[in-house]
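**Q** One structure, as structure tokens, below. Some questions next.
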2 protein chains.
Amino acid sequence: MKTIIIGGVAGGMSAATRLRRLDEAAEIVVFERGPYVSFANCGLPYYVGGIIEDRDSLLLQTPKSLAARFRLDVRVNEEVIQINRKAKTVRVSNVLDGTTTTESYDFLILAAGATTGLPLSGRGVPVRSLRTVDDVDAITAVLEDVGADARAVVVGAGFIGLEAVENLVARGVHVTLVQRGPRPLSPLDPEMAGPVLEALLDHGVDVHVNSTVVDVGASRVQLDDGSFIRTDLIIEARGVRPNSHLARSAGITVGATGGITVDEYQRTSDPSIYAVGDAVEKTDAIDGAATLVTMAGLANRHGRTAADAIAGIAEPSAPALGTAIVGLFGLTVAMVGWSETRLAAYGRPHRVVHTHPSSHAGYYPGAEQMSMKLLIDPETDAILGAQIVGGAGVDKRIDVIATAMTGGLTASQLSRLELAYAPQYGSAKDAVNMVGYVADNVATGSTQSIQWHEVDDAMGAGETLVDVRTADEFSRGAIPGAVSLPLDEIRARISELPDTPLVVHCQVGQRGHTAARLLTQLGRDVRNLDGGYRTWLAGMS
Amino acid sequence: MKTIIIGGVAGGMSAATRLRRLDEAAEIVVFERGPYVSFANCGLPYYVGGIIEDRDSLLLQTPKSLAARFRLDVRVNEEVIQINRKAKTVRVSNVLDGTTTTESYDFLILAAGATTGLPLSGRGVPVRSLRTVDDVDAITAVLEDVGADARAVVVGAGFIGLEAVENLVARGVHVTLVQRGPRPLSPLDPEMAGPVLEALLDHGVDVHVNSTVVDVGASRVQLDDGSFIRTDLIIEARGVRPNSHLARSAGITVGATGGITVDEYQRTSDPSIYAVGDAVEKTDAIDGAATLVTMAGLANRHGRTAADAIAGIAEPSAPALGTAIVGLFGLTVAMVGWSETRLAAYGRPHRVVHTHPSSHAGYYPGAEQMSMKLLIDPETDAILGAQIVGGAGVDKRIDVIATAMTGGLTASQLSRLELAYAPQYGSAKDAVNMVGYVADNVATGSTQSIQWHEVDDAMGAGETLVDVRTADEFSRGAIPGAVSLPLDEIRARISELPDTPLVVHCQVGQRGHTAARLLTQLGRDVRNLDGGYRTWLAGMS
Ligand SMILES: Cc1cc2nc3c(=O)[nH]c(=O)nc-3n(C[C@H](O)[C@H](O)[C@H](O)COP(=O)(O)OP(=O)(O)OC[C@H]3O[C@@H](n4cnc5c(N)ncnc54)[C@H](O)[C@@H]3O)c2cc1C
Ligand SMILES: Cc1cc2nc3c(=O)[nH]c(=O)nc-3n(C[C@H](O)[C@H](O)[C@H](O)COP(=O)(O)OP(=O)(O)OC[C@H]3O[C@@H](n4cnc5c(N)ncnc54)[C@H](O)[C@@H]3O)c2cc1C
Ligand SMILES: CC(C)(COP(=O)(O)OP(=O)(O)OC[C@H]1O[C@@H](n2cnc3c(N)ncnc32)[C@H](O)[C@@H]1OP(=O)(O)O)[C@@H](O)C(=O)NCCC(=O)NCCS
Ligand SMILES: CC(C)(COP(=O)(O)OP(=O)(O)OC[C@H]1O[C@@H](n2cnc3c(N)ncnc32)[C@H](O)[C@@H]1OP(=O)(O)O)[C@@H](O)C(=O)NCCC(=O)NCCS
């Protein structure tokens, strides 16, 4: 039995190695159009930045090592240019000399990944995406050539764009970041994204949002906002498209997303052909629809599933949550599931909770504050998504929430997780427990909450905004129109409050919750500003 | 309605504050026999070590702040000495002046915690446990008094004992650790515990295992192993007993563990009396039996549950997993569920998997290796427990596994968790995914494994042990009797292997897995040494 694999990196090579472990007798041929296989795509930006110093450490395997260990027939610089499903053959073109060959298969695995869309035309300025070893070789060559005072424009402020920015800055390059959308890292909701912009500005990056490149000259870029930017290099990071054209040409079903359609065993519309990784559609865990999630973990896992399917032992693939994380100048941004923006765009009912917990117990030195947002199904209390922005401990909390989602735990049930606590690692009520408690209070109606963007309307409708922080905190900055009544004085001074519905708030929501409970029981109609002053401020700026 | 709470720290005060939020009209009296309430027990050792510098930061609340915010009637230095269930009253003795009073209740919450058992008699050497603010004041006073070259003996190498050791060393104190059991941190299985002993020895701690104190003289301790140790201070950390005598005297049911028996709403055998925290029995998540788990998270959570129950809105408490973590000289040790030792003692069938993954992608600088052990139900593939020892990222992985256990995910399903991956945070196949893959291979029988302690027997029965690491690795140290046949040469040299059943092994298990698959398909009877040379070495030493 002979299996051909197109693409020799995350998904393709995971399929190849697993298939060999399952079937020593199988004939396995891997075609890779680039010169390298099994390289650490995700490490490429950090090689540009000099954080990863050894270029070889990016090359996890070579055709030779794969032949020795796994008896794989790995052919680099060989591009598959056609699939003939009837004959069960592929046509392959050698990238170096243009010669073509034909190879037959019993099973075919498509793992061709994704590429950037229509690239900008350079007209003198080198334009590179940051996706391959060749890309980083070219980028570092340009930068070495230019020497001191190099300047780069990064187009696109997604995950890879931000990693490019961080690493160019680490090399001493002056960077301008151009983003079509209204903010960097558009999957983040607006009130969560502030720290990302701050971090960029704090590190000397010029940021243009709501902007696109309209022209590239000899050594400059022109934006539609009227800016001209001198640059030595353009990094193209405007997102990617699945490499599905081969499949499409061969009559294999490709979905509306542009990704190859597969079933839960990674099988395409042709039962002899499997597909995995960035080139395929995933099933979204939130709405069950086809979606694109271009992540290494899924590529590796689905590569293994495809091999298992060929060997007849596959467990079905699970829907994709889209867990993702990125580091930027010491900031960590992580997310899972859907954002509020996306839920709203799809008209999907949702409840929102914001908290600003500590990475570990406040009384132990070094705790860092993070901002957390949880999106919840109001009917079922299911977790629809989460976003966390901060420093230490962000990665832990997103993984716990992703695991809880996979386990089908509700938002309120987060409060009951028994998470490891000693003061240098967490809190007796860990950040994830605490967001669960808050969710529980909203679910049971114990506290009614109001969101940052609803405050204006509430005040317009005559509600009174009560700031329950201390007088000192109030004097350092408050929401316009708020009256100050510190939490600990409410019982004594409640008669001072006007006879309107109330919105209470504190710094992060916690004292507001106690205030809301107190006032509710004293007969008042009251809502607590979710996430407090901090979320309001982040949302309004 | 009047609720009396006995004990004003983790469980008691959580109940009090929550009850106030639920019922502004309730009368709530908290009796605390010590001079402080709401203090950070878990921070106490770090104050001794000077890591927490500000003593006040340990006092999260005071009777005054609790009165202001929560209208709680908190009475410190007041010990409840009797419960009269018929009259629904308690007798209270003032610790300072011995006066007694009687107070009536509608509901009573017992949150009296736990205390060390029969303390050692000091005979001149100060003996303190490390449980209260008074304890740390006394400990630091002794150490300041002694000045340079102070010496301490810590009796008991559990979590608190180890924290005491670390912090005494941080203060420059010479420490001797005395442990009755065969190793420090006895909940860890033997092959996982090596790094704990290493860390202690590396930091100049004298360790006596299988030892007990038989006598305490004017300035020395005598052990049953014949040692005499000069010391200025003894820290009593031999574990705790639930403070359940008040309940027992009042005829409330106390279980065989010594903890107060409660239902899932934290109600004792008397429907007006609730109990929470270290004083009560929990339901073990693994076998459903009554057990003691003395953790702050559970105390806080169950305090809230008791308040909810009194207010008539409680969700039932979940069984306890016993997730725990401790830091020791930069080492992190974490666990959840049952150890192999305990499973074996209870005769509970189990499967074991060891791995030694990286905290993050190996190609990104700073990755630290950890050791992970997973205990699995062979019938259902349910996760019965986990132990992780290492540095960075240990806390994250134990929390993910604890969450997976709560969500009812099987060991194999860990491989499908979609965990956040960028190279500085994890791996495309995260440590938790990887242990899931290994578990999956054992579950499906894809690879048969053998444990470190079974190697001798296997070799005795005539099986051949094949070391599939490189010749270089083999020459640096190998299992006696193993033959060297590097993985990449197996296909060529298989005829060299004797015709016996085989046990293969590599450094951590990963190459051994590939070797096992290969040899199986080449018709050999083969098992892979779980956790490889590393686990074997840890287990044998
Ligand atoms: C700079 C960068 C950083 C990233 N960081 C992260 C991260 O931190 N976390 C994360 O989860 N994911 C990250 N990713 C995404 C991750 O690398 C991808 O999701 C994953 O590699 C996809 O695997 P794949 O096998 O589908 O495609 P790839 O790994 O891209 O492999 C596809 C291969 O197919 C080859 N190919 C294409 N067409 C043909 C053809 N016709 N014939 C022969 N060969 C062909 C290509 O040359 C390519 O080598 C990053 C990606 C990049 C580029
Ligand atoms: C040094 C130390 C470190 C710890 N580290 C951790 C850790 O890292 N992680 C973790 O999860 N847990 C840790 N713990 C355990 C955690 O602190 C306990 O599980 C938790 O405090 C138990 O809460 P509780 O309310 O049951 O008891 P406690 O918090 O101990 O409170 C009980 C209170 O009741 C009072 N009391 C007792 N009897 C009477 C009476 N008759 N009348 C009036 N008052 C009475 C006591 O004086 C005491 O203040 C640690 C404990 C200690 C001592
Ligand atoms: C590395 C690569 C070639 C895959 O090789 P692989 O051998 O399948 O995968 P790994 O090296 O991760 O090892 C995983 C295997 O070892 C097993 N394993 C891991 N640790 C083990 C242990 N301690 N004991 C026993 N088995 C173990 C796993 O079960 C798995 O085997 P299985 O698939 O049969 O279950 C492929 O993933 C690749 O090319 N990666 C680089 C590109 C990439 O991933 N880019 C994106 C991220 S930067
Ligand atoms: C601190 C202590 C008095 C409890 O006070 P508390 O107000 O109940 O608890 P916290 O300060 O943790 O706040 C939790 C409350 O705030 C709410 N909350 C937290 N963050 C919030 C936010 N951002 N928005 C809204 N509400 C929030 C929670 O929902 C919870 O309220 P609930 O119980 O009504 O659901 C008690 O736990 C104690 O004495 N602790 C010290 C001792 C101890 O725990 N020792 C062991 C560990 S060292």
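**Q** Within the range B:1-97, considering only helices (runs of 4 or more DSSP H) that don't extend past its boundaries, which have at least 1 residues that are away from ligand 2 (no atom under 12 Å from the Cβ) and open to solvent by less than 60 Å² (accessible area, probe 1.4 Å)?
**A** So the answer is B:10-22, B:63-70.
**Q** Still on this structure, I have one more. Looking at B:GLY426, B:GLY477, can you tell me which residue is open to solvent by less than 40 Å² (accessible area, probe 1.4 Å), of a type outside the set (A, V, I, L, M), in a loop (DSSP other than H, G, I, E, B) and away from chain A (no Cβ under 13 Å)?
**A** Result of the check over B:GLY426, B:GLY477: B:GLY477.
**Q** Among the candidates A:ASP106, A:ASP134, single out the residue that is outside the structural domain of A:THR231 (by TED's automatic domain parsing), charged (D, E, K, R) and surrounded by fewer than 23 Cβ atoms within 10 Å (Cβ to Cβ).
**A** Sole residue among the options that is outside the structural domain of A:THR231 (by TED's automatic domain parsing), charged (D, E, K, R) and surrounded by fewer than 23 Cβ atoms within 10 Å (Cβ to Cβ): A:ASP106.
**Q** Sticking with this one: Of all strands (runs of 3 or more DSSP E) completely enclosed by the range B:140-237, which ones contain at least 1 residues that are free of Cβ contacts under 8 Å to residues at least 60 places away in the same chain and surrounded by 22 or more Cβ atoms within 10 Å (Cβ to Cβ)?
**A** Fully inside the range B:140-237 and qualifying: B:174-178.
**Q** Name the residue, out of B:ALA67, B:ALA40, B:ALA15, that is within 11 Å of another protein chain (Cβ to nearest Cβ), over 30 Å from B:VAL173 (Cβ atoms) and of a type in the set (Gly, Ala, Ser).
**A** B:ALA67
**Q** Quick one: count up the residues across the range A:6-19 that are under 14 Å from A:PHE107 (Cα atoms) and within 12 Å of ligand 3 (Cβ to nearest atom).
**A** 4
**Q** For the range B:288-295, check the following and say yes or no: at least one residue is within 15 Å of ligand 4 (Cβ to nearest atom), crowded, with 20+ Cβ neighbours inside 10 Å and part of a strand (DSSP E or B).
**A** For the range B:288-295, residues within 15 Å of ligand 4 (Cβ to nearest atom), crowded, with 20+ Cβ neighbours inside 10 Å and part of a strand (DSSP E or B): absent.
**Q** Report those strands (runs of 3 or more DSSP E) wholly inside the range B:307-420 carrying at least 3 residues which are surrounded by fewer than 24 Cβ atoms within 10 Å (Cβ to Cβ) and facing chain A (nearest Cβ under 10 Å).
**A** Passing ranges, in order: B:324-328.
**Q** Specify which of the listed residues (A:TYR265, A:TYR274) is more than 10 Å from every other protein chain (Cβ to nearest Cβ), within 13 Å of ligand 1 (Cβ to nearest atom) and at pLDDT 95 or above.
**A** Within the list A:TYR265, A:TYR274, the selection yields A:TYR274.
**Q** Kindly indicate the residue of the range B:24-50 that is closer than 20 Å to B:ALA309 by Cα and touching a helix residue (DSSP H, G or I) at 6+ places or on another chain (Cβ under 7 Å) and also nearest to ligand 4 (Cβ to nearest atom) among those meeting that condition.
**A** B:VAL30
**Q** Kindly evaluate B:LEU233 against the criterion of being within 19 Å of B:GLY124 (Cβ to Cβ) and of a type in the set (A, V, I, L, M, F, W, C).
**A** Spelling it out, B:LEU233 is indeed within 19 Å of B:GLY124 (Cβ to Cβ) and of a type in the set (A, V, I, L, M, F, W, C).
**Q** Here is a list: A:GLU368, A:GLU379, A:GLU418. Which entry is in contact with a Pro (Cβ under 8 Å, 6 or more places away or on another chain) and modelled with pLDDT of 95 or more?
**A** Going through A:GLU368, A:GLU379, A:GLU418 in turn, just one is in contact with a Pro (Cβ under 8 Å, 6 or more places away or on another chain) and modelled with pLDDT of 95 or more: A:GLU379.
**Q** Identify all residues within the range B:494-523 that are surrounded by fewer than 19 Cβ atoms within 10 Å (Cβ to Cβ) and over 36 Å from the mean Cα position of the chain (by Cα); write none if there are none.
**A** B:ILE494, B:SER495, B:GLU496, B:LEU497, B:PRO498, B:ASP499, B:THR500, B:PRO501, B:GLN521, B:LEU522, B:GLY523
**Q** Here is a check on your reading of the model: is A:GLY50 more than 16 Å from ligand 3 (Cβ to nearest atom) and within 30 Å of A:LEU328 (Cβ to Cβ)?
**A** So A:GLY50 passes the test.
**Q** Then there is this: Is it fair to say B:ARG123 is touching a helix residue (DSSP H, G or I) at 6+ places or on another chain (Cβ under 7 Å), outside any helix (DSSP H, G or I) and open to solvent by 30 Å² or more (accessible area, probe 1.4 Å)?
**A** No: the conditions fail for B:ARG123.
**Q** Separate question: What number goes with the only condition from (1) more than 26 Å from A:SER358 (Cβ to Cβ); (2) assigned to a helix (DSSP H, G or I) that A:GLY523 does not pass?
**A** Status for A:GLY523: all satisfied but (2).
**Q** Now, a different point. I'd like to verify a number: residues in the range A:433-476 that are farther than 17 Å from A:VAL526 by Cβ and more than 33 Å from the chain's Cα centre (by Cα), how many?
**A** Total meeting the criteria: 8.
**Q** Where the second residue is away from ligand 3 (no atom under 16 Å from the Cβ) and assigned to a helix (DSSP H, G or I) and the first is in the same structural domain as B:ILE160 (by TED's automatic domain parsing) and lies in the range B:293-304, which pairs have Cβ atoms under 6 Å and are six or more apart or on separate chains?
**A** Sorted first by the residue in the range B:293-304, then by its partner, the list stays empty.
**Q** Going by what's in this entry, would A:ALA150 be described as closer than 20 Å to A:LEU328 by Cα and among the hydrophobic types (A, V, I, L, M, F, W, C)?
**A** Considered against the rule, which asks whether it is closer than 20 Å to A:LEU328 by Cα and among the hydrophobic types (A, V, I, L, M, F, W, C), A:ALA150 comes out as no.
**Q** Please enumerate the residues belonging to the range A:22-44 that are farther than 27 Å from A:SER93 by Cα and either within 11 Å of ligand 3 (Cβ to nearest atom) or in contact with a His (Cβ under 9 Å, 6 or more places away or on another chain) (or both).
**A** Scanning the range A:22-44 gives A:LEU22, A:CYS42, A:GLY43.
**Q** Answer yes if at least one residue in the range B:15-23 is within 7 Å of ligand 4 (Cβ to nearest atom) and either of a type outside the set (S, T, N, Q) or not assigned by TED's automatic domain parsing to the domain that holds B:THR305 (or both), and no otherwise.
**A** Yes, there is a match, as at least one residue in the range B:15-23 is within 7 Å of ligand 4 (Cβ to nearest atom) and either of a type outside the set (S, T, N, Q) or not assigned by TED's automatic domain parsing to the domain that holds B:THR305 (or both).
**Q** When you check B:GLY408 against the structure, is it small (Gly, Ala, Ser) and away from ligand 3 (no atom under 12 Å from the Cβ), yes or no?
**A** It is true that B:GLY408 is small (Gly, Ala, Ser) and away from ligand 3 (no atom under 12 Å from the Cβ).
**Q** Among the residues of the range A:455-474, what is the count of those that are buried (at least 16 other Cβ atoms within 10 Å of the Cβ), of a type outside the set (Phe, Trp, Tyr) and away from every other protein chain (no Cβ under 14 Å)?
**A** Going through the range A:455-474 one residue at a time, the tally reaches 9.
**Q** Here's something else I'd like to know. Considering only the range A:416-425, I want to know if a residue exists there that is in contact (Cβ under 8 Å) with a residue 40 or more places away in the chain, assigned by TED's automatic domain parsing to the domain that holds A:TYR364 and over 17 Å from A:GLU368 (Cα atoms).
**A** Scanning the range A:416-425, I find no residue that is in contact (Cβ under 8 Å) with a residue 40 or more places away in the chain, assigned by TED's automatic domain parsing to the domain that holds A:TYR364 and over 17 Å from A:GLU368 (Cα atoms), so the answer is no.
**Q** Can you find even one residue in the range A:148-160 that is near ligand 1 (Cβ under 9 Å from one of its atoms), out of contact with any Pro (no Cβ under 8 Å at 6 or more places or on another chain) and at pLDDT 95 or above?
**A** Within the range A:148-160, one or more residues are near ligand 1 (Cβ under 9 Å from one of its atoms), out of contact with any Pro (no Cβ under 8 Å at 6 or more places or on another chain) and at pLDDT 95 or above.
The values are calculated or read from the model by the stated rules, or taken from the named source; none is laboratory data. None of the values given here were measured: they were computed from a predicted structure. As a convention, Cβ positions derive from the backbone with ideal geometry for all residues, glycine included, and neighbour counts pool all protein chains shown. These accessible areas exclude ligands, DNA and RNA; they are computed on the full protein's heavy atoms, side chains included. Shrake-Rupley method; radii C 1.70, N 1.55, O 1.52, S 1.80 Å.
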